[in-house]
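The values are calculated or read from the model by the stated rules, or taken from the named source; none is laboratory data. These figures come from a predicted structure and were not determined experimentally. Note: ideal-geometry Cβ built from the backbone for every residue, glycine included; neighbour counts use all protein chains shown. Ligands, DNA and RNA are stripped out before the accessible areas are found, and what is left, the full protein with its side chains, is counted by its heavy atoms. Shrake-Rupley method; radii C 1.70, N 1.55, O 1.52, S 1.80 Å.
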Amino acid sequence: GEHSAFGGTAPVHAGNSYHNYDEAFDITHWNGTRDHSIAETRRLKETVRSMNLFKEVIGPGDGDPNHETHLHLGGLLRQPTAAEKVRLKALFN
């Protein structure tokens, strides 16, 4: 969410937010309990962060109360490789 291709962007972001330029999006994993969903979102965050794909990777466990239930990705640095895409898909299979 929080991108024009995924339902639009709410007017809650800072003026210089990547969201305002369609250069960010948020991911919320909802499957099972709330705690399970947050844990899965944290796992995705850690994997994406390790790949160095985005300038901003903020999510559960980072201490930001605005991102404790979802993952924010902003400022794409590079496209993921084919192997990285396989790794990401495997997280939820």
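With protein chains left intact and a 1.4 Å probe, residues in the chain average 62 Å² of accessible area per residue. Share of carbon and sulfur in the accessible area of the chain stands at 53%, probe radius 1.4 Å.
For Cα pairs less than 8 Å apart in space and 6+ apart in sequence, what is the mean separation divided by the residue count of the chain, i.e. the relative contact order in percent? Before the final figure, lay out the partial values.
Numbers: 129 pairs, mean separation 23.2, N = 93.
Value for the chain: 25 percent.
For the pair GLU68 and LEU91, label points projected 7 Å from Cα toward Cβ lie 2.1 nm apart.
Cα extents for the chain along the principal axes, largest to smallest and rounded to whole angstrom: 35, 32, 25.
If you put +1 on each Lys and Arg Cβ and -1 on each Asp and Glu Cβ, how big is the dipole of the chain around its Cα centre, in Debye rounded to 20?
Values: 10 positive and 12 negative charges, 84 e Å.
Computed charge dipole of the chain: roughly 400 debye.
Close amide H partners of PHE54, meaning residues 5 or more places away or on another chain with modelled amide H under 5 Å apart, are LEU77.
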